[in-house]
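Okay, so here's the structure we're looking at.
Each reported figure results from applying straightforward, stated rules to the coordinates on display, with no laboratory input. None of the values given here were measured: they were computed from a predicted structure. Positions of Cβ are generated from backbone atoms using ideal geometry, with glycine treated the same way; all protein chains shown enter the neighbour counts.
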Amino acid sequence: MSDEHGFSTRAIHAGQEADASTGAVVTPIYQVSTFKQDGIGGFRGGYEYSRSANPTRTALEECMAALEGGSRGFAFASGLAGQDTLVRALLVPGDHVVVPSDAYGGTYRYFNKVAKPHGIEHTIAKVADLDAVRDAIVPGATKLIWIETPTNPLLGIADIEGLAAIAHEAGALLVVDNTFATSYLQQPLALGADIVTQSTTKYSGGHSDVVGGAVVTAKEITVPDLEDAEERIAFHQNSIGGIAGPFDSWLTLRGLKTLAVRMERHCDNAEKVVDFLSDQDGVSHVYYPGLPTHVNHDVAARQMKRFGGMVSFRLAKGEDAAVKACAAVQLWTLGESLGGVESLIEHPARMTHASVAGTELEVPNDLIRLSVGIEDVDDLIADLREALDIHG
Ligand SMILES: *Cc1c(COP(=O)(O)O)cnc(C)c1O
C-alpha cells in the first residue's frame, strides 16, 4: 500500500493483505501468546511472543501509520497507555512538557499526578496562542510540546504548523493528540508534527466497543537527541507491555475501514445540530470550529478537511438547567466517551472533567458536550428540542 493510494483504500487495505496461509480476506484474530520456532531463533515472520509482536496488532499498527502518513505505528491497551509509554520513552527526570490549558482531563491528570512525581515537569499554556506557548518553554528543558486540536470539551484550535516551528526551534518535539479529528480530518505529521497520539477508543474504533490507543511517529525527526524516538518507543512498548490485545486490535481495524464514511456523516449531522443550537434563545454560546465566529476558525479551515462531530454549548440558565437537560433527552445517551456511531450527551464539569475542578483546566458548569452520532439527524434534533424547550 503506497502513500499515493487514497485514504479509504489505505484504511481497508494497509497492513491487511489476505492471510497468506488461508486467503482469509479479513486479518484473523491471532488469539495466541507464543509462536512455534523453527529451530532456536527461527521465527516465522518475526513472531516470537505476543507482547513483542502479534500479527493482528501488526496489521493495526501498519494501518494506523499509513492513515497518519507516518513511519511507524504502535498500538496500546488505551490512549493513556500509549501516552505513558511515549513520555517514558522520550523523557527523563528534569525534562519539561508544555501541556494545553484545556487538555483532556485524563491527560492533565497524567502529567500532574503521574509524570510529575517522577520528575517530569510541565507548564500549562493556552495552545491556541503561539506566544503563550513560546513563553511556557523552559530553554534546554522543554522536550515536548503536547497539544490537542480540537480540544476537549471547548473545541479550541491550535495551529499545528506554527507550533511545530516553535517546538523545533526550542529543540523539542510537537506531539498532537489527534483523537477528535482523526487522521481522516487532519494530518498533523504532514503539517510538521513529530508524533501523533490517538485514543482509538473514540472515532477510530468508532463503535463504543473497544478501548485502545495509538502512537505514530513521523517519517523524519530532526530534533537533536530525539531522532531515535521511534526506536525508543518500540523498545518501551515491549519493555512496559501496555499493548493492544489481538481482539481489541481486530475491532479497531474493523472500525478504521469505515472511518471516512462515518466521519463525513458525523460532520453532516454536527453541522445541522450546530445550526439548530445557534437558533435557540436559551443557548448562550455554541462551540464548533466550523462556525465562522469561532476564534480560530481560519486555522481550523486551513488544517482540517471538515470540523468533526463534537459540539459543546452553554445554557444561559446555568448549571442546574444544563444538568437537567442532559437527563431529559431520550435518544441521546447520557455517558462519557465520544466518537461512537451513537449520539452521546454529557455534563463535562461533573463527568469527564470532574478531575480538573478547581484547577486551571476547570470548565464552565453550564456547559453541555455532545458527541453527535450518525443516526438520522432529524431525530437527534427533535429530541434535543424537547429537552431544551423544558430546561433550556
Ligand atoms: C479519551 C481520550 C484520551 C484517553 O484515551 P483512553 O483510550 O481513554 O485511555 C486521550 N485524549 C483524548 C482527547 C481523549 O478524548
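Annotations for the structure displayed:
- Toward the positive end of the charge dipole of the stretch 260-391, with +1 on the Cβ of Lys and Arg and -1 on the Cβ of Asp and Glu, the farthest Cα among 334, 316, 361 is that of 361.
- Once the Cα atoms are used to define both axes, helix 246-257 deviates from the longest principal axis of the chain by about 60 degrees.
- Between 213, 41, 373, the GNM of the chain built on Cα springs shorter than 10 angstrom shows 41 fluctuating the most.
- Only Lys, Arg (+1) and Asp, Glu (-1) charged, at Cβ; the stretch 153-276 dipole about Cα centre in debye: 640
- Cα long-axis angle, helix 377-391 against the chain (0 to 90 degrees, to the nearest 10): 50
- Angle between the chain longest axis and helix 229-240 axis [Cα atoms, degrees, rounded to 10]: 90
- Overall dimensions of the stretch 284-392 as given by Cα atoms, namely Rg and Dmax in Å: 14.1, 39
- Rounded to whole Hz, the Karplus (6.51, -1.76, 1.60) HN-Hα couplings of the stretch 135-141, x for glycine and proline: 5, 7, 5, 9, x, x, 9
- Residue range of the chain that is longest and free of trypsin sites (Lys or Arg not before Pro) which are both DSSP loop and sparsely packed (at most 13 other C-beta within 10 Å): 37-218
- Extension gain from residue 71 to residue 351, taking 0.36 nm per residue of separation minus the Cα-Cα distance: 97.2 nm
- Positive-end residue, the stretch 270-392 charge dipole about Cα centroid, Cβ charges, pick of 325, 371, 289: 289
- DSSP finds beta bridges in the chain, and of those with both partners inside it, around 60 percent are antiparallel.
- Dipole magnitude for the stretch 7-256: about 700 debye, using +1 per Lys or Arg Cβ and -1 per Asp or Glu Cβ, origin at the Cα centre.
- Across the alpha-carbon atoms of the chain, the computed radius of gyration and Dmax are 21.0, 74 angstrom.
- When only the Cβ of Lys, Arg, Asp and Glu is charged (+1, +1, -1, -1), the dipole of the stretch 226-361 relative to its Cα centre reaches about 340 debye.
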